[in-house]
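Quick notes on the structure that follows.
We did not get these values from a lab; they are worked out from the coordinates using the rules stated. Please read these numbers as outputs of a predicted model, since none were measured by experiment. Cβ atoms come from the backbone with ideal geometry, glycine included; neighbour counts cover every protein chain shown.
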Amino acid sequence: MDYRRDIDGLRAIAVLPVILFHAGFSWFSGGFVGVDVFFVISGFLITSLLAEDLRQGRFSIGRFYERRVRRILPALFLVILVCIPFAWLWMLPADFEDFAGSLSITIFLSNQYFMNEVDYFNTEADLQPLLHTWSLAVEEQYYLFFPPLLWLVWKTGRRGTLAIVSLLVAISLVVAVIGAATAPDLTFYFSPARFWEIGIGSICALFLLGRKRRQHGGATALGLALIAYAVVFYDKTVPMPSFWTLPPVLGTALVLLFGGSACLAGRLLCAAPVVGIGLISYSAYLWHQPLFAFARLYELSAPPPSLMLLLSVLSLMLAWLTWWFVERPFRRRERPFLPRRPVLFSSFAALGTVILAFGVWGFKSEGLPQRLPDRARAFAAFEEDRSPQRDLCLLTYRAPVPDLPLAGCGLPNASATNPDVVLIGDSHSNAFARQAQIALVEAGFATDALAYSGCPAIGGLVQLNRKSAEGCLDYQRQIVASARSRDAKAVIVSIRWPGYLSGYRYDNGEGGVEAGPTMTADLFDRYNEKRAPDDPQRRADVLAAYEAGLRDLSSEFAVVVVDPVPEVGWNVPRAAALCELQGRQSCRDGHSYDNYLDRNRPILQMLDRLEREGLIHRAEIAPAFCDTIPGGRCRMFDDVGQPLYFDDDHLAHGTGAVLIAPVIVDALRRALLVQEAL
């Protein structure tokens, strides 16, 4: 096929939103659809080359895979080899274990690894340097079966070939739609649910084969508009792949079918700067995520936007160097990059085997903790100091709410199996639930505990940027009904109160800025309005819903409310371990109690008012962590220097949770005494 500058321009339109999305710029909230654009372009170009070879009678599987090796592996292996020493030096064991697993990209299976281990839109995914290689794995899996298939069906003619490919595309789209509705996290990485996107590009190539392509400015502009719409208006709540993937995919198809330099939109794509970025787009795609991930790993808090913008520019600079000195010579077979096919294959196979073996070693050893000094390793271990019932008793959107009660989440005492008290809430509740249950049983209470991650848990509130709205609401209904049906006397409520109310993650004002998207909550009935975090009416409605939810509970149960857990801003085990590795000391000085009060003031005032009315009893936990005086400090470590948190806001099971358990028991006793007196 003839070279088309507008396709290189389209590559630029694909890669820039991906880079800026991964950099964390909110106005590119749907930038991840750039990958979908790449899929369609890839299917179009590869199928065009294969079809032309078949027409000319020169089709060769060996030559095809040689082209793929020269196109993909040199730059990919370079980036991997650069990543390994930084991962060795800067990654804590849990992160290094995931990095080691991602080295399965050497056999193009990293999407399978991430499918089982990493939620693409979770903040923890931002720390994975090779997360983005999942898309390369999907492409190469497509090209394992598609060239032989095309060769087999070619004799049916263009129409027959188009019909067969279209059927496969339709089947893949059905898989995507069903998967998006039933298992969205898994489907995101699942190759058969992505093949239809590449297949759309293949259909475009087969449609144009042997035809004179007509340029059409309106169709090209519409295609770009569809892509732009998805980039700007989509966010991580949009299930991908699904029917929602059609706009950027069909938009790309329109540009491929009708684009060119004869129209205004086509001339935009053909502009020299745009084409230049398109030429280096593959290397830019490879470099950007490692730069971002290692910046986030090295810093103790979220890197500032200025740094992420600088790293975005740096990724383009590294991309140009890689394109000029690595990609071009290998693809053009310039000396000394002119090995024969057997030498080329065997060389990359040997290097890939070494990298893969290193990955297996790192994964099987659970992240090679022996890399770290003893103190750093001890600190890092607290990232895993979570509730032993986290997997069982912390529900997520990945599965519907099961029938309650859930076996294994209760802790009976000697005289009762039905709970006297039920602990409800989000992951903050789950973090300390088991220690609280142990203390409650010792005090003579039978308990049950079930939480829902990212769910405000009361008042019909849900989080806007989660896929869990329906599940969260169902949890709220079922947990109360379960407590009622088993004659529970009391409920204990703990959620991340300030996060849902403000909509923003925590900034401690001292350099500790929690990474991640907004966590805005709103009433389920107003979910589709997507009100902004700063909307004063939304905040008023959330605070009113908090109060209404607690009042409703107090009409049936004695209610204990656990005050907001002091947030830190730094991931405490990670910060402590990195301080040891980097020789820093200042990151271990605690954080401001005044900042805690400022962030939680409306919540504390509301809780104080309800307590004065006798409707709730507060478990005031701040004194366990903070000097509760003006100018006081809140600590991150216990008296022997162990982290009180397993991240930046969840209490560690063996330390922080132990501190607050007696406070909760005391509050429950007070609540039940008042209830008995009524």
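Listed values, structure above:
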item	result
FRET E, pair Ile438, Leu351, Förster distance 51 Å, beta-carbon r, rounded to 0.05	0.45
Simple spin-label estimate for Thr123 and Arg214 in nanometres, 7 Å along Cα-Cβ	5.3 nm
Peptide ranges 383-391, 293-301 listed from the most packed, as the mean C-beta count within 10 angstrom indicates	293-301, 383-391
Relative contact order (percent, whole number), segment 5-371, Cα cutoff 8 Å, 6+ residue spacing	33 percent
Cα gyration tensor, segment 146-280 - rounded (a/c under 1.5), prolate or oblate	oblate
Theoretical gain in end-to-end length, Leu392 to Gln605 [0.36 nm per residue, Cα-Cα removed]	73.3 nm
Global form of segment 12-103, assessed from the alpha-carbon gyration tensor, a/c cut-off 1.5	oblate
Separation of alpha-carbon centers, segment 638-657 and segment 385-414, rounded to whole Å	22 Å
Percent antiparallel among DSSP beta bridges (both partners in the chain, rounded to 5)	35 percent
Normalised contact order of segment 565-644, rounded percent, pairs of Cα under 8 Å and 6 or more residues apart	37 percent
Order of Phe258, Phe625 - criterion: other Cβ atoms within 10 Å of each residue's Cβ, fewest first	Phe258, Phe625
Directionally averaged projected area (convex hull, Cα atoms, segment 5-371), nm²	18.0 nm²
Residues Lys530, Lys155 arranged by fewest to most Cβ contacts within 10 Å	Lys155, Lys530
Within the chain: Cβ-based charge dipole about Cα centre, in debye rounded to nearest 20 (Lys, Arg +1; Asp, Glu -1)	4020 debye
Global geometry of segment 77-185, whether rounded, prolate or oblate, following the gyration tensor of its Cα atoms and the 1.5 cut on a/c	oblate
Positive-end extreme of charge dipole, segment 65-196 - chosen from Leu186, Val169, Trp90 (charges on Cβ)	Val169
Kyte-Doolittle at least 1.0, axis length at least 30 Å by Cα - qualifying DSSP helices, the chain	34-56, 61-90, 157-182, 341-364, 656-677
Residue among Tyr504, Gln476, Val493 farthest towards the positive dipole end of segment 436-535, charges placed on Cβ	Gln476
Whole-number percent relative contact order across the chain, with pairs defined as alpha carbons under 8 Å at least 6 apart	14 percent
Neighbour cut-off at most 13 other Cβ (10 Å), DSSP loop, trypsin sites (Lys or Arg not before Pro), segment 1-80	Arg58
Packing-based ranking, highest mean first, of 600-607, 664-671 given that Cβ atoms within 10 Å are counted	664-671, 600-607
Ranking of Lys212, Lys489 by count of other Cβ atoms within 10 Å, fewest first	Lys212, Lys489
Separation in nanometres of the label points that stand 7 Å from Cα toward Cβ, at Arg477 and Arg340	7.1 nm
Charge sum, other residues only, whose C-beta stays under 13 Å from Gly410's C-beta, Lys/Arg counted +1 and Asp/Glu -1	0
